[in-house]
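Just below is one structure, and these are the notes that go with it.
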Amino acid sequence: MSVPEFDLVFEPAYGRAVPIAPGVERMTVNNPSAFTFHGTNSYIVGGPSVAVIDPGPENDAHFAALMAALKGREVTHIFVSHTHRDHSPLAKRLKEATGALTVGEGPHRAARPLHEGEVNPFAESSDTDFRPDIALGDGESVSGDGWELTALLTPGHTANHACFALEGSGIVFSADHVMAWATTIVAPPDGSMADYMASLDRLLARDDRLFFPGHGGPVKEPASFMRGLRTHRRMRERAVLERIRAGDRLIPDMVKAIYRDTDPRLHGAAALSVLAHLEDLVGKGQVETDGPPALFGTYRLA
């Protein structure tokens, strides 16, 4: 596969827990947007005793639906893939209602410090209150009644992003790192393109058969899809270099050319993606700028 073939077919089934694999149910929050597709996916893993993965945003209807789906079952753990507000805030209320322990890589943090005068454009999207009861390192596991989930640390979308592998099943809950419907937003300073690409390679080194992402339907052929994602990112990097070679010096000019067929509502995110590529290219010595790479900086070939 040279570029990923995105799958936009998805039935969110709001308010219902839908069985999608043995011992796995999906429930989608009714929070659709240009960034969340049809909404955020929460997952219930286990039988009489379960874990919940990514309980979602503060949403009364989703909380009520989750509690109804969990009635009669013990909730022992609440896993959080990362601390964006569409994934983690409901963990607090679910913990209070069930007594479950929260699990994640750690609290929210940026991939790098803010530069002088820089503003984090995604600061309002970050849940800075979340602190996991159990902080997992790469390859560390938590088990329950009939299930074991292993953390696969995949920084890139956020610094604290983690996927979770359901041991013995070939299933990975890939959150926002790999999604069937679209590419992942990598937006500095929260995200890092160099980290994202390394995390793709980290998952490609495995032999998983199915990904359940944070938005949209499953990734049914993860290895070929991720190779397509990697090719897509490398093509974007070449496009940035070509725009600089053609005389573009500013990110807005590069975005107009590279993303001319993209929904204008996403051009702000596209500019941050270009910045992520430029940070990586500056780090590799292929592009130069005055001072640290910035959204409104001027760029030239090294």
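The values are calculated or read from the model by the stated rules, or taken from the named source; none is laboratory data. Keep in mind that this is a model prediction, so the values were computed, not measured. Virtual Cβ from ideal backbone geometry, glycine too; neighbours counted across all protein chains shown. Calculation scope for accessible area: heavy atoms of the full protein, side chains included, ligands and nucleic acids excluded. Shrake-Rupley method; radii C 1.70, N 1.55, O 1.52, S 1.80 Å.
Brief remarks follow.
- The one condition in (1) open to solvent by 60 Å² or more (accessible area, probe 1.4 Å); (2) acidic (Asp, Glu); (3) touching a helix residue (DSSP H, G or I) at 6+ places or on another chain (Cβ under 8 Å) that Asp280 fails to fulfil: (1)
- Checking each residue in region 30-52 for being touching a Phe, Trp or Tyr at 6+ places or on another chain (Cβ under 8 Å) and without any contact (Cβ under 8 Å) to a residue 24 or more places away in the chain picks out no residue at all.
- Among the residues listed as Leu153, Leu149, Leu136, the single one being within 18 Å of Pro22 (Cβ to Cβ) and at pLDDT 95 or above: Leu149
- Hey, His157 touching a residue at least 12 places away in the same chain (Cβ under 8 Å), in contact with a Cys (Cβ under 7 Å, 6 or more places away or on another chain) and part of a loop (DSSP other than H, G, I, E, B) or not: no
- Any hit, region 164-172, residues being free of Cβ contacts under 8 Å to residues at least 60 places away in the same chain and open to solvent by less than 20 Å² (accessible area, probe 1.4 Å): yes
- Counted residues, region 90-105 - those being buried (at least 20 other Cβ atoms within 10 Å of the Cβ) and either polar (S, T, N, Q) or assigned to a loop (DSSP other than H, G, I, E, B) (or both): 3
- If the condition is being of a type in the set (A, V, I, L, M) and either at positive phi or touching a Ser or Thr at 6+ places or on another chain (Cβ under 9 Å) (or both), then region 183-197 contributes Ile185, Val186, Ala187, Met193.
- One residue alone among Thr83, Thr102 is farther than 21 Å from Arg16 by Cα and touching a helix residue (DSSP H, G or I) at 6+ places or on another chain (Cβ under 7 Å), and that residue is Thr102.
- Test: residue in region 15-29 that is more than 24 Å from Ala68 (Cα to Cα), within 19 Å of the chain's Cα centre (by Cα) and touching a residue at least 60 places away in the same chain (Cβ under 8 Å): no
- Exclusive hit being open to solvent by 20 Å² or more (accessible area, probe 1.4 Å) and assigned to a helix (DSSP H, G or I), set Asp248, Asp261, Asp253: Asp253
- Close contacts from region 274-293, counting a first residue that is without any contact (Cβ under 8 Å) to a residue 40 or more places away in the chain and within 19 Å of Arg234 (Cβ to Cβ) and a second that is surrounded by 14 or more Cβ atoms within 10 Å (Cβ to Cβ) and among the hydroxyl-bearing types (Ser, Thr, Tyr), with Cβ to Cβ under 7 Å and a gap of 6+ residues or different chains, come to Leu278/Tyr299; Val282/Thr289.
- Residue in region 118-153 that is most open to solvent (accessible area, probe 1.4 Å), counting only those that are under 23 Å from Pro89 (Cβ atoms), of a type in the set (Ser, Thr, Tyr) and not in a loop (DSSP other than H, G, I, E, B): Ser125
- Tally, over region 207-225, of residues that are at negative phi and assigned to a loop (DSSP other than H, G, I, E, B): 8
- Scanning region 1-51 for residues that are assigned to a strand (DSSP E or B), hydrophobic (A, V, I, L, M, F, W, C) and open to solvent by 10 Å² or more (accessible area, probe 1.4 Å) yields Val18, Ile20, Ala21, Phe37.
- Boolean, Asp190 is touching a Phe, Trp or Tyr at 6+ places or on another chain (Cβ under 6 Å), surrounded by 16 or more Cβ atoms within 10 Å (Cβ to Cβ), acidic (Asp, Glu) and touching a residue at least 60 places away in the same chain (Cβ under 8 Å): yes
- Candidates His77, His108, His62, filtered to the one that is in contact with a Gly (Cβ under 8 Å, 6 or more places away or on another chain) and either part of a loop (DSSP other than H, G, I, E, B) or open to solvent by 20 Å² or more (accessible area, probe 1.4 Å) (or both): His77
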